[in-house]
1. Normalised by the number of residues in segment 1-102, what is the relative contact order in percent for Cα pairs under 8 Å and 6+ residues apart?
2. Based only on the alpha carbon positions, what is the Kirkwood hydrodynamic radius of segment 1-139, in angstrom?
3. In straight Cα distance, which lysines are under 18 Å from Lys122, not counting same-chain residues fewer than 8 positions off?
4. Under a point-charge model restricted to the Cβ atoms of Lys and Arg (+1) and Asp and Glu (-1), what is the dipole moment magnitude of the chain relative to its Cα centre, in debye to the nearest 20?
5. For the chain, what is Rg from Cα atoms divided by 2.2 N^0.38 Å, rounded to two decimals?
6. Give me, ordered by chain and number, the residues 5 or more places off Val40 or on other chains with an amide H under 5 Å from its own placed amide H.
7. From the residues Asn96, Asn120, Thr109, which one has its Cα farthest along the dipole of segment 91-146 in the positive direction, the dipole being from +1 and -1 charges on Cβ of Lys/Arg and Asp/Glu about the Cα centre?
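Taken together, the values in this text are just the output of simple stated rules run on the coordinates, not laboratory data. Everything numeric in this text was worked out from a predicted model, so none of it was measured. Cβ placement follows ideal geometry from the backbone for every residue including glycine, while neighbour counts extend to all protein chains displayed.
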Amino acid sequence: MSISGKAGRLDGKVAIVTGAATGIGRATAIAFASEGAKVVISTSRNMDALLETQALAGGAENVAVLLADSSKAADAKALVDLAVSRFGKLDVLCNNAGIVTDALVIDMTEEEWDRVIDVNLKGTFLTTKYALPEMLRAGGGSIVNIGSINSFIGEPLHAHYCASKGGVLMFTKTVALEHAKDKIRANVVCPGWIDTPMNHEYIEALGGPEEVEKIVTAAQPLGMGRPEQVAAAVLFLASDESSLVTGTDLLVDGGFTAQ
């Protein structure tokens, strides 16, 4: 049952959310649990924040935690194995873990490029790779990957991030085509400017929330978004309400790319 007391949209489902310590991942984990799912959540480094997400999502009975770097094959497999051993199966995967750093291409180091690509794109590949056999055993499933407006548009200082998010979009479309026959759907949610911890450094650098709101509204007509607004889109794609939706992208960008 959901926290509203009515049958939840993910009742009986088991889900994984990566990068769930804060921001969009945390909001997604809470949304999934509130709609009846058993959830496994992960982060690569901040266990205290992950445990806070667990508490906010309803506690240890329905939410399992794992310190895991999904860009490493052993960790990605361990995440899927935990879902199956703890809750018996896997129905939903949300690949949310992501990072960004700033560098011009001419100054970017190989290590900077590799780390962003590894976390954002390779991690999505690895977790999906190990999740697919369990979804096949479950008779179907839904994979929701977190892309970005940078899946479509370039941005100075973020060539590695844009490349990774463009890659996530094309990777997702391919998975959708390969597994439509298996009733496994794959889609991408592409946020615009969202008020998350990952963006707080940029917000402060640009003069604080009020100044950034002016800047963002000029580019994103509906203004700065909240993690819960992105999580609502992820929940739709994870649920059976989107049973005819696969291989597509859902922009949650406040009108950014409409201009």
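1. Details: 206 pairs, mean separation 32.1, N = 102.
Normalised by residue count, the contact order of segment 1-102 is 31 percent.
2. Values: mean 1/r = 0.0656 Å⁻¹.
That comes to 15.2 Å for segment 1-139.
3. Lys72, Lys77, Lys165, Lys173
4. On the way: 21 positive and 31 negative charges, 246 e Å.
With Lys and Arg at +1 and Asp and Glu at -1, about 1180 debye.
5. Values: Rg = 17.4 Å, N = 259, 2.2 N^0.38 = 18.2 Å.
So the chain has a normalised radius of gyration of 0.96.
6. Ala15, Ile16, Val17, Ala64
7. Asn96
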